[in-house]
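Input: a single structure, listed below in structure tokens.
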Amino acid sequence: MHTIITSRHFELTDSIKDYICRLVEGLEKYNLEILNARVVISHQEKKGNKKGEKKKKHFWTIDLTLSLAHANTVVINQNDKDLYTAADLAIMRMHKILRRYHDKINHKQAIPSETIIANEILRDEAIAYKGEDEIVPMDLDLHKPLDIEDALERLKSSSQQFFVFNDKDSKMRVIYKRIDGKYGLY
């Protein structure tokens, strides 16, 4: 990755340049083919806006621009009273954006091998019994009220996607596995 660091209204020191370079190099961990990074650091002063106030306010602005090979250019603008804090915040925001983009392009819905095997068995059975309609009775444990925690444990220990149960208030509930790995409850 090619990194360009420029300054406005102050002289850029080697320590600042090295610090910014180390921060920008940390963005490569997402393997998103970053073509170049451009960092513009500016120092600005503003006079006090109240009457009688002669104190000047100093603040730093970091403009961070990343050009990605297969995506739009990402631009972050961060202001702060401290240069290093502004740089850290800008890089932190860029990490968040790149992490989300990385997760978005690399997200694949994983299908457990047990589900694949179960689907193959069901498909083979459906082909074997193609002409006959048959109702297969199943035992459900709906007559026993369960806590939500117990139902969650049963769902975790099985290969099913959802579990139907009655809670302590005699309401029929469904707990299910979500795509993101968390659990939902109806």
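Computed from the coordinates by the stated procedures, all read-outs in this text should not be read as laboratory data. Remember, predicted model here, so these are calculated numbers, not experimental data. Quick reminder, even Gly has a Cβ in these numbers, built from the backbone with ideal geometry, and neighbours come from all protein chains shown.
So who's got an amide H within less than 5 Å of the one on Tyr183, skipping anything under 5 residues away but keeping other chains? H placed 1.01 Å off N, in plane.
Arg178
Step through the residues of the range 82-95 one at a time and calculate ³J(HN,Hα) from phi using the Karplus curve (6.51 cos²θ - 1.76 cosθ + 1.60, θ = phi - 60°), rounding each to whole Hz and writing x for Gly and Pro.
10, 4, 5, 5, 4, 5, 4, 5, 5, 5, 4, 5, 5, 4
Using label points projected 7 Å from each Cα along Cα→Cβ, tell me how many nm separate Arg93 and Asp80, to one decimal.
If labels sit at Arg93 and Asp80, their model points lie 1.1 nm apart.
Which pairs in the list Lys47/Lys81; Lys17/Lys56; Lys29/Lys156; Lys144/Lys168; Lys144/Lys171 are over 21 Å apart, alpha-carbon to alpha-carbon?
In this structure, Lys17/Lys56; Lys29/Lys156 exceed 21 Å between Cα atoms.
Grab the other residues whose beta carbon is less than 15 angstrom from that of His70, score K and R as +1, D and E as -1, and report the net.
Neighbourhood net charge equals 0.
With each pseudo-label sitting 7 Å past Cα toward Cβ, what's the Glu45-Asn31 distance in nm, one decimal?
Going by the 7 Å Cα→Cβ label model, 5.0 nm.
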